[in-house]
Amino acid sequence: MHLHPSRLHPTFLPFLAFLAFLAFLGFLVPGSSASAGEPWIAPGNTQVRHDVQLLVDSGVIDLPVSAWPIAASDLANALGRISEATSRTPGLAGEGGGQGSANSKPLTAAQLAAVARLRSLASEGNATLGVEVGAAARPTQLRTFADTPREEGEVSLYAASFVGARFGGRLQVTGAIDPDDDRPGRLDGSYVAGKFGNWIFTLGQQDRWWGSGWEGSLIMSNNARPVPEISFDRAVSEPFETKWLSWIGPWRFTTFFGQMEGTRDDYAHPMFWGMRVSARPLDGLEISLERAAQLCGEGRSCTWDDFWNMFSGNDNAGENVDAEDEPGNQLASWDIRWASPIGEWNYALYNQHTGESIDNKIPRPYRSMDLVGLETWGAGSDGGGSWRAGIEWSNTRCGGTENGQKLWDCAYNNGIFTDGYRYYGRVMGHSMDGDGDMYSARYIRVDSEADTLTVVARYSRINQNKIEPDTLNSVAQGAEDWISLDLSYRHLLRSGWLEGGVGVDSQDRKWNGEDAVLPRAYVTWNYALR
């Protein structure tokens with residue numbers, strides 16, 4: 001049986017029509033200024049992520065939060081479990097670490113502020129219409145979790161709504177000025193979703209961020225534009241009811257099938273598949289398993305046997321499958337984050353371990369990369385504010401080979417899909433691409449009015465090489481050392497927000513002996529009618 005991925009892209013024409021119809025219906029639904037009005041909470045908002053993580057780490061809510069987007073229904077369900085008495089009365093409870101239920105003690109002012117903001121964001125049943133305008137002088141090449149402009153100029157019109165209790169969606173049309181991929185018209189961020197029982201089916205183009213890192217994800221980040229896909233997700237991460245499985249705790253499952261661009265130099269329109277499961281078996285501990293793969297494509301075999309070989313790990317040519325039967329290119333990861341495993345102070349350790357392949361003899365990531373981080377947080381001085389600080393190290397040079405040697409030109413590259421693990425020229429994993437190391441430090445402060453200050457300092461060694469540089473690297477032509485500093489501030493307005501940021505990259509270009517100091521800046525304005 002053949003999958004025929006090259007025939008999938010025409011299905012997005014009725015998808016667009018349905019989105020437009022959904023948005024029109026959404027405008028007829030009475031709204032209020034308190035609602036985001038859509039089923040998914042997208043990645044990119046640092047303040048929202050900090051609020052969610054603050055409440056999870058302090059035990060106020062309990063749900064997996066290492067993968068974005070997050071279902072609004074999951075967050076709303078968790079917030080709904082907070083008792084009215086607890087959520088209204090500020091107390092002396094600690095800001096984090098917290099093992100056990102926060103319902104047994106009053107919330108602090110910072111926790112109360114986070115709860116109020118997230119309840120507004122996760123509420124359902126209203127419509128949103130808005131515009132977002134962004135401009136950037138030298139958009140950053142090393143993208144983080146924050147959603148900053150990709151191009152020098154962007155204008156987006158969007159509409160989001162629930163229609164009844166089951167269907168919802170977002171229509172977002174963006175025009176970009178002089179885009180790097182020559183695609184000035186975009187539907188990034190658009191989707192339509194239907195909820196059936198405890199499952200959400202979604203068709204659209206959504207940014208994804210998988211992993212506990214803030215400066216990067218080794219397997220799935222917002223560095224590249226989102227791939228059009230069909231996804232299947234658990235709506236509410238309730239634990240299993242049976243005593244045999246209830247120990248797993250709250251758990252989340254997501255999988256998707258997408259279709260990549262037709263302008264590739266290897267195979268047009270390959271399929272893109274991903275799967276992730278995460279759970280919280282202990283207080284403060286979240287464990288996730290992640291898979292992503294490219295397969296099929298015009299002119300290549302695309303059968304269920306190919307998919308099974310990829311899924312089961314029989315995809316290493318010359319090792320467990322013949323070269324002519326190799327299904328494609330895949331990555332596999334685990335991600336672990338543990339808040340305050342020892343002591344009561346506020347800290348968390350996390351690790352994402354990602355392999356370019358799977359060792360099917362001992363199921364584990366193979367030819368692997370790593371990301372490690374440590375973060376801490378606390379209450380602000382203004383009575384309702386809070387802060388978060390952390391350090392992070394990531395490496396994108398494959399290791400774990402039998403002779404203990406690192407592999408050059410391995411990460412995000414593949415012998416079949418010679419354009420690599422990239423979409424329209426940008427890698428879908430860590431923004432520094434392969435053969436790199438990054439050391440970063442960050443500080444985030446959210447005040448009682450939700451205005452957010454972010455400072456990030458990074459030292460990056462990009463496209464390091466032993467003999468010849470990786471010519472596919474999307475950041476640098478050869479070995480470069482970067483020292484980067486970024487500062488941004490987001491101010492909430494009556495309807496929407498205004499954000500500005502400045503930065504600088506000091507680049508030591510070892511491959512040609514030149515140095516450069518390149519400043520950057522951006523501004524984004526968002527206005528929403530609800």
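The values are calculated or read from the model by the stated rules, or taken from the named source; none is laboratory data. It should be emphasised that the depicted structure is a prediction, and the values quoted were computed from it without experimental measurement. All Cβ positions, even for glycine, are placed from backbone atoms using ideal geometry, and neighbour counts span all protein chains on display. Accessible surface areas use protein heavy atoms only, side chains included; no ligands, DNA or RNA. Shrake-Rupley method; radii C 1.70, N 1.55, O 1.52, S 1.80 Å.
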Regarding Ser87, is this residue closer than 29 Å to Trp345 by Cα, at pLDDT below 95 and polar (S, T, N, Q)? yes
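Say we look at the range 138-167 and pick out the residues that are over 18 Å from Val475 (Cα atoms) and of a type in the set (D, E, K, R); which of these is surrounded by the fewest Cβ atoms within 10 Å (Cβ to Cβ)? Don't jump to the end; show me each part of the working.
In the first step, residues of the range 138-167 are kept if they are over 18 Å from Val475 (Cα atoms); the result is 146-147, 153-167.
Remaining after also requiring of a type in the set (D, E, K, R): 147, 154, 166.
Numbers: Asp147: 20, Glu154: 22, Arg166: 12.
Among residues in the range 138-167 that are over 18 Å from Val475 (Cα atoms) and of a type in the set (D, E, K, R), the one surrounded by the fewest Cβ atoms within 10 Å (Cβ to Cβ) is Arg166.
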Residue that is surrounded by the fewest Cβ atoms within 10 Å (Cβ to Cβ), among those in the range 241-256 that are assigned to a loop (DSSP other than H, G, I, E, B) and modelled with pLDDT of 95 or more: Gly249
So, of the residues in the range 291-324 that are at pLDDT below 75 and not in a loop (DSSP other than H, G, I, E, B), which turns out to be most open to solvent (accessible area, probe 1.4 Å)? Glu324
Taking the range 20-59 and keeping residues at pLDDT 95 or above, over 26 Å from Met275 (Cβ atoms) and in contact with a strand residue (DSSP E or B) (Cβ under 8 Å, 6 or more places away or on another chain) leaves Thr46, Gln47, His50, Asp51, Leu54, Asp57
Exactly one condition in (1) open to solvent by 30 Å² or more (accessible area, probe 1.4 Å); (2) modelled with pLDDT of 95 or more; (3) part of a loop (DSSP other than H, G, I, E, B) is false for Leu218; which is it? (1)
Among the residues of the range 182-202, what is the count of those that are closer than 16 Å to Met260 by Cβ and among the aliphatic types (A, V, I, L, M)? 1
Can Asp207 be described as farther than 21 Å from Gly434 by Cβ and at pLDDT 95 or above? yes
Among the numbered conditions (1) among the aromatic types (Phe, Trp, Tyr); (2) surrounded by 20 or more Cβ atoms within 10 Å (Cβ to Cβ); (3) more than 20 Å from the chain's Cα centre (by Cα), tell me where Trp511 comes up short. (2)
Within the range 396-421, residues open to solvent by 10 Å² or more (accessible area, probe 1.4 Å) and in contact (Cβ under 8 Å) with a residue 40 or more places away in the chain come out as Arg397, Gly400, Leu407, Trp408, Asp409, Cys410, Asn413, Asn414, Gly415, Ile416, Thr418, Asp419
Quick test for you: out of Ser301, Ser278, Ser231, pick the one residue that is among the hydroxyl-bearing types (Ser, Thr, Tyr) and closer than 16 Å to Ile416 by Cα. Ser301
Inside the range 468-505, can you point out the residues that are of a type in the set (S, T, N, Q) and either open to solvent by less than 20 Å² (accessible area, probe 1.4 Å) or under 24 Å from the mean Cα position of the chain (by Cα) (or both)? Asn473, Ser474, Ser484, Ser488
Just need a number here: residues in the range 468-496 that are within 30 Å of Glu132 (Cα to Cα) and either at pLDDT below 95 or not in a strand (DSSP E or B) (or both). 7
Here's a check for you: in the range 257-290, which residue that is buried (at least 19 other Cβ atoms within 10 Å of the Cβ) and farther than 20 Å from Asn414 by Cβ is farthest from the chain's Cα centre (by Cα)? Gly284
Within the range 443-467, count every residue that is polar (S, T, N, Q) and either in a loop (DSSP other than H, G, I, E, B) or surrounded by fewer than 20 Cβ atoms within 10 Å (Cβ to Cβ) (or both). 4
